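This report concerns only the one structure given below.
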């Protein structure tokens with residue numbers, strides 16, 4: 001792999017940057033792999049990367065129906081935070097935060113991680129109680145999170161409207177300073193480049209059409225639009241389409257897929273210093289380094305695979321943004337889109353072995369999977385390589401829906417349910 | 001925004017008048033004491049999450065308040081049929097074929 005450095009940049013300037021070369025190959029699939037990952041999004045690529053790097057499993061293919069990073073990895077609002085309620089979640093998301101800090105150096109690829117702070121607003125007495133409970137739980141679990149009065153919140157984010165005469169006045173905020181944003185595409189590209197360099201085959205435009213199982217029930221490989229590929233182990237990381245893929249192996253999943261919307265404005269000069277989210281009136285907003293306001297809206301109320309959402313959903317979010325940040329009332333929105341998110345009954349992900357030998361699943365990230373990308377890939381790679389979960393993802397089994405040990409994060413998810 | 005037809009009121013109204021209540025025809029176990037863990041898991045949590053023709057429950061919350069069922073294609077979001085609660089599940093393949101014409 002050609003390492004990116006200042007020297008390389010200077011050298012390539014002499015050839016007008018025409019000879020950088022490709023960041024990863026486009027190989028034809030081999031007949032057999034040790035591990036096949038279904039889905040080349042951030043989580044799938046990170047899994048392949050850590051399989052190769054930490055576990056020496058390099059005979060790996062990542063199979064993608066569309067193009068690399070073209071699903072929810074390229075559609076989310078790029079927010080990184082770890083202020084979840086339960087210890088299990090705190091461990092998982094904090095593991096990711098730890099990896100985010102050194103990720104650009106690790107991958108030799110600028111993922112533009114910016115710890116600019118994530119502020120979650122409280123608008124009612126109930127909000128304040130919930131936020132305080134989260135803050136105390138977080139402090140006990142070693143997760144940074146603090147309470148701000150409305151005045152302090154405005155100091156941290158000057159565009160915020162804290163006047164008392166709006167429909168839902170700001171009564172305070174929980175601030176996680178280590179939270180922030182990262183460049184979503186760069187995360188997928190960085191992991192793809194790193195994994196490819198260690199011998200992982202990334203096979204794009206190749207849909208998985210079936211999962212073949214042997215006499216003993218264990219997986220034998222995947223049927224794809226480019227023919228049958230033999231595999232000892234299969235990891236399904238297909239977000240909104242996970243239940244469709246798992247259905248091919250005859251495994252029913254506790255998942256429902258909803259369209260989740262986001263939208264961006266025209267680019268403007270730096271005007272917004274942090275990430276602000278509000279569960280109660282449902283809005284979240286940040287400004288990308290390109291200058292666009294990145295705004296997240298809610299999910300539709302019905303399951304759908306359409307990758308578009310109802311206009312009344314984004315409208316509702318824009319109402320809230322205009323009231324909280326009056327300076328943006330005349331901003332024009334450039335485009336909006338939807339991504340298909342797979343939601344579990346307890347709003348926590350599933351990173352687990354399955355009843356089928358050799359089949360593993362990483363799904364259920366719902367409306368907030370991007371933040372966990374490095375940590376998710378890291379522990380899932382461990383689960384596949386060792387055939388047993390990492391200490392951190394051990395609680396996130398499918399079996400928890402039978403034993404009743406749910407990890408209820410409905411209140412910590414950014415989207416009001 | 002979808003246009004939803006209420007079979008009780010006999011009118012089509014915007015989606016915001018309704019509340020979608022998930023997959024239809026999931027029967028509560030008749031004898032809870034005799035129901036196995038697996039059956040409880042299936043009843044409570046497992047959903048078919050179909051990509052294609054799917055049956056779901058809707059409730060006309062800002063109208064008559066009653067539950068009814070709908071058949072919808074989850075890729076195009078087109079409704080294929082609305083029917084009252086308690087009526088049997090229609091033949092989904094047949095409906096898909098008709099819609100394809």
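The numbers here are math on the coordinates, done by the rules we state, and not lab data. It should be emphasised that the depicted structure is a prediction, and the values quoted were computed from it without experimental measurement. FYI the Cβ positions are ideal-geometry reconstructions off the backbone, even for glycines, and counts take in every protein chain you see.
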What is the Cα centroid distance between the stretch A:347-384 and the stretch A:284-329, reported in whole angstrom? 27
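Pairs of alpha-carbon atoms within less than 8 angstrom and 6+ residues apart define the contacts here; what relative contact order does chain A have, in percent?
This gives 22 percent for chain A.
Can you give the % of DSSP beta bridges in the protein assembly as shown that are antiparallel, to the nearest 5? Could you put the intermediate results ahead of the total?
Details: 64 of 83 bridges.
Taking every DSSP beta bridge within the protein assembly as shown, about 75 percent pair in antiparallel fashion.
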Debye sum, Cα scatterers, chain A, no solvent: what log₁₀ I/I(0) at q = 0.07 1/Å? -0.33
Given the DSSP H assignment, sum -39500 (n - 2.57) over each helix run of at least 4 residues in the protein assembly as shown and divide by its residue total; what's the result at 222 nm in deg cm²/dmol, nearest 500? -7500 deg cm²/dmol
Just counting partner chain Cβ atoms within 10 Å, what average do the residues of peptide B:21-27 show around their Cβ? 1
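Apply 1/(1 + (r/R0)^6) to the Cβ-Cβ distance of residue B:97 and residue A:337, taking R0 = 35 Å, and write down the FRET efficiency to the nearest 0.05.
FRET efficiency, residue B:97 to residue A:337: 0.65.
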Cα-based Rg and Dmax for the stretch A:150-210, where Dmax is the largest Cα-Cα distance (Å): 22.0, 60
Per residue, how big is the convex hull of the stretch B:3-100 when only Cα atoms are used? Give it in Å³. 117
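Which order results if A:198, A:253 are arranged by neighbouring Cβ count within 10 Å, fewest first?
Numbers: A:198 16, A:253 26.
Taking fewest neighbouring Cβ atoms as first place, the list is A:198, A:253.
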What is chain B's relative contact order, in percent, from Cα pairs under 8 angstrom and six or more apart in sequence? 25
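Please arrange A:43, A:17, B:62 by how many other C-beta atoms lie within 10 Å of their C-beta, fewest to most. It would help to have the intermediate numbers written out before the result.
Details: A:43 33, A:17 9, B:62 12.
Starting with the residue having the fewest Cβ neighbours, the order is A:17, B:62, A:43.
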If you fit an axis through the alpha-carbon atoms of helix A:311-324 and take the longest principal axis of the Cα set of chain A, what angle between them do you get, 0 to 90°, nearest 10? 40
Which of A:232, A:30 has the fewest Cβ neighbours within 10 Å, and the rest in rising order: A:30, A:232
